[in-house]
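This report refers to the structure that appears directly beneath it.
The values are calculated or read from the model by the stated rules, or taken from the named source; none is laboratory data. Since we're looking at a predicted model, the values are computed, not measured. Backbone-built Cβ (ideal geometry, glycine too); neighbour counts: all protein chains shown.
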């Protein structure tokens, strides 16, 4: 009774089948979780320079401040769409130049949206501020195809130009290298709106001071007369420098901000930086859409974005159809077993009868059949008498058979003599009955009483 108490139940024992089922279930679950995670936007753990970034160079603070002010804020990981509502404000913060170069069409299509009344805010990346990120590029400027940056993609390079920071390092750089944290200090500048336009006049009444890096920040310059307004400050030498410029296009406008660090986490809480961000991005309380497509989140975090491209979608659909057809064609359908289908072929009796008719039609077929019968009888007797069957000798077979059954040996010897004589004569005019009688005599030598009971018991 004690033994039965400690014996585990049979259902608890892992059999080979249960192990296979468990392994298949774990594999299927991992595939499902991988597919689900592929649809999740990759936020880089907050280390990115985007609206998910919580470090000093990120813009998570800007995203949350606008939300706390009651502004509808969205992140857009899909490509910018020219069919967006005209009341929205699209913000491009520090777009990746490589992605702009490869995918300029989405940006170029935004001009039509702006002319219908859309607002576009562009804060381009300083090309000299992250030189360490471009050291691995093997292509020269002459080999590159497409616009070099977001300003060129939007046809703004003829209106405003970006002037790198004097210190050579942008204030929104978290790292002096890939791994060492750089300590930054800020300074406060006084800003004002200047001619030729009035786009920033109302804004300048609320924004008096801005915090920037002590080494300075990127600025703008332009010789164009088509600017709708400029936000500027004076440096220590009294020189006028532009922080932002507005370009009127149709019913809408494009505002270019010289340095995205003005809205970065490290400076957003200082001076009037947060006020500038709110007045600039949501003047009328409309929806503010932060573009993350040109940060690479769609490509890096969601491989299913490729299905939105016609070529990739068509190729994927073709591959899936081919795999589905192959799987359906080779699948094992469960159900009752199918009845065995017998092979459509002759049995041994039909085969011999057919071959006999075939050989009997030709000239000299009687001698051929007699020769085959003679050799077959000798081989079969050698097998029964335990003699070598490769090259049976008639005399040796007759001698061995005589030691067991003398009468059978005499019949075999007479049948062999008659068969050899018929074969030697090779009489083509001899009828089938002539050869048939000799073959019957040879066949009689293989009867069950030919070798005797002792040989039969030995052969078993």
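Could you check, for the stretch 186-197, whether at least one of its residues is at pLDDT below 75, farther than 28 Å from residue 109 by Cα and touching a helix residue (DSSP H, G or I) at 6+ places or on another chain (Cβ under 6 Å)? The answer is no, given that none of the residues of the stretch 186-197 is at pLDDT below 75, farther than 28 Å from residue 109 by Cα and touching a helix residue (DSSP H, G or I) at 6+ places or on another chain (Cβ under 6 Å).
Tallying residues that are touching a helix residue (DSSP H, G or I) at 6+ places or on another chain (Cβ under 8 Å) and under 22 Å from residue 97 (Cβ atoms) within the stretch 45-73 yields 12. Exactly one residue out of 267, 200, 263 is within 21 Å of residue 89 (Cα to Cα), assigned by TED's automatic domain parsing to the domain that holds residue 91, buried (at least 22 other Cβ atoms within 10 Å of the Cβ) and modelled with pLDDT of 80 or more, and it is 263.
Yes/no per residue for (1) touching a helix residue (DSSP H, G or I) at 6+ places or on another chain (Cβ under 6 Å); (2) under 20 Å from residue 166 (Cβ atoms):
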residue: 213; (1), (2): no, yes
residue: 229; (1), (2): no, no
residue: 232; (1), (2): no, yes
residue: 238; (1), (2): no, yes
residue: 241; (1), (2): no, yes
residue: 246; (1), (2): no, no
residue: 249; (1), (2): yes, no
residue: 259; (1), (2): no, yes
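Against the criterion of being loosely packed, with under 12 Cβ neighbours inside 10 Å, at pLDDT below 80, touching a strand residue (DSSP E or B) at 6+ places or on another chain (Cβ under 7 Å) and farther than 22 Å from residue 161 by Cα, residue 181 qualifies.
Restricting the search to helices (runs of 4 or more DSSP H) fully inside the stretch 310-393 and requiring at least 2 residues that are within 30 Å of residue 405 (Cβ to Cβ) and either modelled with pLDDT under 80 or in the same structural domain as residue 423 (by TED's automatic domain parsing) (or both) gives 348-361, 365-384.
Being within 14 Å of residue 423 (Cβ to Cβ) and either surrounded by fewer than 17 Cβ atoms within 10 Å (Cβ to Cβ) or out of contact with any strand residue (DSSP E or B) (no Cβ under 6 Å at 6 or more places or on another chain) (or both): is that true of residue 370 here? Yes. Within the stretch 233-248, no residue that is on the phi > 0 side of the Ramachandran plot sits with its Cβ atom under 8 Å from a residue that is surrounded by 13 or more Cβ atoms within 10 Å (Cβ to Cβ) at 6+ positions apart or across chains. For the stretch 68-99, the set of residues classified as more than 19 Å from residue 260 (Cα to Cα) and touching a strand residue (DSSP E or B) at 6+ places or on another chain (Cβ under 8 Å) consists of 71, 72, 80, 84, 86, 88, listed by residue number.
A single member of 82, 74 is more than 26 Å from residue 218 (Cα to Cα), modelled with pLDDT of 80 or more and assigned to a strand (DSSP E or B), and it is 74. Residue 397: crowded, with 19+ Cβ neighbours inside 10 Å and in contact with a helix residue (DSSP H, G or I) (Cβ under 7 Å, 6 or more places away or on another chain), yes or no? Yes; evaluated as a whole, the condition is true for this residue.
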